[in-house]
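Here the structure is laid out as structure tokens; the discussion comes afterwards.
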Amino acid sequence: MVLKEENGYYEINCNEALWATDKHHELYLKSGSVLSDADWIIETKDEEIIIIEYKNGMISDKSQFKPNEDKKVKSVARKFYDTLHFLNMSLKNFPVKYIYVLEWKNSDAAMRKALRNKIKKLLPFKMQENFQKKLISEFDIISISEWNERYPQFPILRTEKI
């Protein structure tokens, strides 16, 4: 199964996944809910669930793309929480990894790390400390090339779209 990002410029190959989807977006829209969703969900052969938020500020005119703004930071965190509802309805187990694949002009690993730390404070790491069951096991912000190095079985590749 190959899933495309919303603009059709990039896709993720999920053929090595036990299960993968982007259908939660359509479900949320059709239901009229106020839920936000991450772009893709993958269940690996190692029985891990990975929620993936993908944002590419390098496509077309994204001069207004500012991933550090508080509104955007809160939106990325909210997408994690709201996507958990779909996983719960799909009877998928927790905890999950949440990976934000992010490309933006003049960004580097240090900028992504600072942004990761800002978003991580809004995720349930502290809340779950006193519970045996965990909602999230990991959060990271990585580039497409870092994703492809870390998860070569699920490559994100450019499509033919110009």
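FYI, it's all coordinate maths here, none of it is from the lab. Please read these numbers as outputs of a predicted model, since none were measured by experiment. We place every Cβ from the backbone using ideal geometry, glycine too, and count neighbours over all the protein chains shown.
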Taking segment 20-62 and keeping residues exposed (fewer than 14 other Cβ atoms within 10 Å of the Cβ), hydrophobic (A, V, I, L, M, F, W, C) and in contact (Cβ under 8 Å) with a residue 40 or more places away in the chain leaves M58
Subset of segment 118-145 (residues that are within 16 Å of K79 (Cα to Cα) and part of a loop (DSSP other than H, G, I, E, B)) | K121, L122, L123, P124, F125, L135
Listed by first then second residue, the pairs whose first member lies in segment 4-17 and is without any contact (Cβ under 8 Å) to a residue 40 or more places away in the chain and within 15 Å of I49 (Cβ to Cβ), whose partner is surrounded by 15 or more Cβ atoms within 10 Å (Cβ to Cβ) and of a type outside the set (V, I, T), with beta carbons under 9 Å and at least 6 positions apart or on separate chains, are none
Tell me which residues, restricted to segment 75-119, are among the charged types (D, E, K, R) and under 29 Å from W19 (Cβ atoms).
-> R78, K79, D82, K92, K97, E103, R112, R116
For segment 146-160 the number of residues that are of a type in the set (D, E) and either within 21 Å of R78 (Cβ to Cβ) or exposed (fewer than 15 other Cβ atoms within 10 Å of the Cβ) (or both) is 2
Subset of segment 20-57 (residues that are under 17 Å from the mean Cα position of the chain (by Cα) and in a loop (DSSP other than H, G, I, E, B)) = D22, L35, S36, D37, A38, D39, T44, E48, G57
Residue list for segment 126-143, filter: out of contact with any Lys or Arg (no Cβ under 9 Å at 6 or more places or on another chain) and of a type in the set (A, V, I, L, M, F, W, C) | M127, F131, L135
